[in-house]
Amino acid sequence: MAAPTWVAVPDDSPFGVRNLPYGVFTTADRPRERRIGVAVGEYVLDAGAVTAGRPDDTAALLSAPSLNPLLAAGRPAWTAVRALLTDWLTDPAHRPAVEPHLLPRTAVALHLPFEVADYVDFYASEHHATNVGRIFRPGGEALPPNWKHLPIGYHGRSGTVVVSGTSVVRPSGQRRAPGEAVPDFGPSRRLDVEAEIGFVVGGPTAQGTPVPLADAEDHVFGVCLVNDWSARDIQAWEYVPLGPFLGKSFATSVSPWVVPLDSLDAARVAPPARDAALLPYLDDLDGSTPPRGLDIALEMRVCGEVVSRPPFATMYWTYGQMLAHMTVNGASLRAGDLFASGTVSGPERAQRGALIELTWNGEEPLKLADGTERTYLEDGDEVVITATAPGPDGTRIGFGEVAGRVVAARAQG
Ligand code: MN
């Protein structure tokens with residue numbers, strides 16, 4: 001049953017009043033004025049306008065041009081703001097004051113919802129890591145010896161994180177063709193997608209202060225969708241020994257809506273059984289905290305056709321473990337940090353979240369309904385990733401979408 005709200009929201013809406021994701025929008029009449037919005041049904045609540053003049057800090061947090069001040073304010077502020085929003089949208093007494101600030105979602109343009117501080121990408125799916133290991137290192141061990149002892153990650157490029165709808169220019173770089181001794185230069189021939197979940201961080205920490213597992217919820221504000229575009233040919237040539245670099249840093253797309261972690265309580269599930277004993281700072285099996293696996297069902301479309309349904313519930317490492325690991329050396333957190341899960345892949349072929357796995361590095365092309373085949377992405381292809389999760393009382397929590405279209409490589413001088 002959906003929670004009661006005076007807003008006209010269908011019971012099965014992925015943006016019901018139990019979700020209330022945050023974004024940043026502009027309208028055609030004020031195109032330079034970025035404002036914080038909260039999605040509810042087919043509307044966006046202009047959160048700054050509705051809080052204007054309040055005597056507490058809420059107005060300052062919600063009248064900013066990005067979510068960063070709210071992220072910096074930390075968990076108590078997040079809880080208080082969410083309670084206020086829920087009250088305004090459910091208690092009919094607030095309707096006269098709030099309703100004038102509801103705009104149709106079709107009438108707004110959505111922007112990058114926060115200024116990305118540091119960006120880290122993990123590699124937390126055992127199925128993905130195993131598949132990629134078999135493809136890149138045939139005959140060797142699929143998983144490296146550290147994989148079940150720590151969540152592997154790398155630092156990405158925060159300045160090239162873009163919002164859904166931004167076109168992605170095919171990157172050029174060094175590629176070494178199979179059987180060749182030396183690389184040549186040109187547009188990537190193996191442009192791929194990675195369907196991932198991203199975690200948006202707030203509640204800054206001081207350098208030298210690790211974030212223990214038990215404190216993860218004080219620092220994870222919310223969840224978004226991520227497409228970690230990847231040029232496999234550039235990546236394969238450059239990645240040894242320091243990891244991904246130019247094969248990843250040209251673009252990373254995120255969804256415009258950040259779903260509050262608070263809306264995902266009904267989606268919590270136990271993570272898969274771990275095969276290796278975990279060091280205490282990563283050991284989440286003592287039952288002292290809510291389980292941090294999340295039952296988020298992703299769907300990936302290429303050229304309008306569903307090619308994969310990756311299940312996030314199968315991820316080996318949780319957001320709490322990723323956060324504990326990335327701060328265990330004392331690295332500090334900043335408001336706007338983003339860490340992503342790595343490609344989400346389940347055990348079945350139709351659950352693989354990247355083309356390298358779906359086509360086994362091009363050996364088994366995907367056949368699309370229009371009769372064409374894909375190994376990797378072609379110019380003009382559009383990729384759309386969506387997701388939903390169970391919400392409280394039988395409701396559904398939607399994440400919206402992260403979409404992007406590939407455009408041809410720029411001519412090189
Ligand atoms: Mn990735």
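What the table below lists for this structure:
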{"quantity": "Apportionment of accessible area to carbon and sulfur, the chain, percent (1.4 Å)", "calculated": "54"}
{"quantity": "For TYR43, distant residues with modelled amide H under 5 Å away", "calculated": "ARG105"}
{"quantity": "Note, ³J(HN,Hα) from phi for the stretch 326-331, Karplus 6.51, -1.76, 1.60, rounded to Hz, x at Gly and Pro", "calculated": "6, 10, 5, 8, x, 4"}
{"quantity": "For the stretch 92-125 versus the stretch 320-396, the gap between their alpha-carbon centres in whole angstrom", "calculated": "22"}
{"quantity": "Estimated dipole of the stretch 303-413 in Debye, rounded to 20 [Cβ of Lys and Arg +1, of Asp and Glu -1, Cα centre]", "calculated": "360"}
{"quantity": "Net charge contributed by nearby residues that have their C-beta within less than 11 Å of ARG134 (K/R +1, D/E -1)", "calculated": "-1"}
{"quantity": "Hull volume in cubic angstrom per residue (convex hull over the Cα atoms of the chain)", "calculated": "159"}
{"quantity": "Under the Karplus curve 6.51 cos²θ - 1.76 cosθ + 1.60, θ = phi - 60°, whole-Hz ³J(HN,Hα) for the stretch 8-23, x wherever Gly or Pro sits", "calculated": "6, 10, x, 4, 9, 5, x, 10, x, 6, 8, 9, 6, x, 9, x"}
{"quantity": "Residues whose placed amide H lies under 5 Å from that of ARG352, excluding near-sequence neighbours", "calculated": "ARG309, GLY346"}
{"quantity": "Charge dipole (debye, nearest 20) of the chain; +1 at Cβ of Lys and Arg, -1 at Cβ of Asp and Glu", "calculated": "680"}
{"quantity": "3J(HN,Hα) from dihedral phi, the stretch 273-281, Karplus parametrisation 6.51/-1.76/1.60, rounded to Hz, x for glycine, proline", "calculated": "4, 9, 8, 10, 4, 9, 4, x, 6"}
{"quantity": "Bins of 10 Å, starting at 0 and running to the largest distance - Cα pair percent for the stretch 70-162", "calculated": "12, 21, 25, 19, 15, 7, 1"}
{"quantity": "Residues whose placed amide H lies under 5 Å from that of THR252, excluding near-sequence neighbours", "calculated": "VAL161, VAL162"}
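The values are calculated or read from the model by the stated rules, or taken from the named source; none is laboratory data. What you see is a predicted model, and the numbers here were worked out from it, not measured in a lab. With ideal geometry, Cβ positions are generated from the backbone for all residues, glycine too; neighbour counts draw on all protein chains shown. Protein only, heavy atoms only, side chains kept; ligands, DNA and RNA dropped before computing areas. Shrake-Rupley method; radii C 1.70, N 1.55, O 1.52, S 1.80 Å.
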